[in-house]
């Protein structure tokens with residue numbers, strides 16, 4: 001139902017996403033964005049608009065401090081888990097908690113949060129999640145050495161996914177971390 005793309009450029013994280021919501025063969029263009037800022041973070045989600053609404057409007061993002069890897073895997077994720085539980089969205093399957101998938105940018109670093117709350121950081125400085133992720137990743141790879149500005153690279157990735165995936169659609173939304 002989506003594609004969210006992110007990249008790191010000159011110490012800033014840029015994230016962009018499409019506007020499609022799908023159910024079976026039905027596609028709706030949503031006004032509420034899949035990418036947004038929350039405190040010092042930029043986030044972009046797939047999986048569920050409810051999860052995204054909670055991350056956007058209810059999540060009280062803790063201020064990042066200390067070792068960022070440790071912080072993201074512990075304090076940040078614990079705050080996300082609490083927010084999703086309080087909002088009635090978190091799930092349990094065989095006694096294991098599950099959520100959705102989203103990207104987070106903070107302090108010049110880009111992280112993927114997976115449905116098991118795993119925190120990953122791509123070594124290449126870009127990533128994509130959602131049903132159009134493979135198409136977007138190909139475009140991000142192909143544009144990596146072309147000297148394009150971040151928004152042009154993100155747009156190329158979104159357009160590639162939009163063109164070849166029935167569950168991705170414009171308009172696109174863009175956010176970036178502050179300087």
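Every number here is computed from the coordinates shown, using simple stated rules; none is lab data. This one's a predicted model, so the numbers in the text were calculated from it and none came from an experiment. Positions of Cβ are generated from backbone atoms using ideal geometry, with glycine treated the same way; all protein chains shown enter the neighbour counts.
Overview of results
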item: Residue order, fewest to most beta carbons within 10 Å, for 135, 158, 146; result: 146, 135, 158
item: Choice from 44, 138, 88 showing the highest fluctuation, given a GNM over the chain with Cα pairs closer than 10 Å; result: 88
item: Gain in span if fully extended, residue 91 to residue 134, counting 0.36 nm per residue against the direct Cα distance; result: 12.8 nm
item: Computed E for residue 57/residue 116 - FRET, C-beta separation, R0 30 angstrom, nearest 0.05; result: 0.80
item: Length added when fully stretched, residue 23-residue 73, from 0.36 nm per residue minus Cα-Cα; result: 14.8 nm
item: Cα gyration tensor shape of the chain, rounded if a/c is under 1.5, else prolate or oblate by comparing a/b with b/c; result: oblate
item: Rounded FRET efficiency, nearest 0.05, which uses the C-beta distance separating residue 152 from residue 31 and R0 of 22 Å; result: 0.35
item: Candidates 114, 56, 14, ranked by Gaussian network fluctuation over the chain, Cα under 10 Å, top entry; result: 114
item: Efficiency of FRET from Cβ geometry, residue 50 and residue 82, R₀ 22 Å, rounded to 0.05; result: 0.90
item: Among 151, 31, 159, residue whose mean-square fluctuation peaks in a GNM of the chain (springs only between Cα atoms under 10 Å); result: 31
item: Relative contact order, percent, region 4-176 [alpha-carbon distance under 8 Å, six or more residues apart]; result: 32
